[in-house]
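Each remark here refers to the structure printed beneath this line.
The values are calculated or read from the model by the stated rules, or taken from the named source; none is laboratory data. These numbers were taken from a predicted model, which means no experiment stands behind them. FYI the Cβ positions are ideal-geometry reconstructions off the backbone, even for glycines, and counts take in every protein chain you see.
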Amino acid sequence: MNTKAIYAACLFAALNICTLSARAESNVPAQTYTYGTHLDIQKVLSLSEDAQPTCGVVNAHMTYLDSTGHKQALNYRKLSDNCSNQN
């Protein structure tokens with residue numbers, strides 16, 4: 001019975017450590033894109049944009065991994081996805 005409690009406590013501690021490191025990594029400060037900004041993008045993790053029902057310029061956010069494997073975030077402006085069906 002004691003060994004089960006010890007195993008459970010160790011597992012709980014290990015899961016907490018993993019969760020804390022994941023939370024620390026997800027709070028990466030976002031860089032704002034300007035013309036000429038050098039981007040080192042190895043893999044895009046997520047893309048999102050402000051919701052807008054019409055075609056126009058919106059704020060967008062990209063989370064990505066750089067060539068060293070570090071998580072980075074970028075804020076930028078783009079045409080809304082709603083513009084794709086208009087000429």
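Listed values, structure above:
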read-out	value
Residues of the range 35-87 satisfying the condition of being of a type in the set (Ser, Thr, Tyr) and touching a residue at least 40 places away in the same chain (Cβ under 8 Å)	76
Hits in the range 51-61 - residues which are of a type outside the set (Val, Ile, Thr) and surrounded by 12 or more Cβ atoms within 10 Å (Cβ to Cβ)	52, 55, 59, 60, 61
Sole residue being at pLDDT 90 or above, surrounded by 14 or more Cβ atoms within 10 Å (Cβ to Cβ) and over 11 Å from the mean Cα position of the chain (by Cα), chosen from 76, 64	76
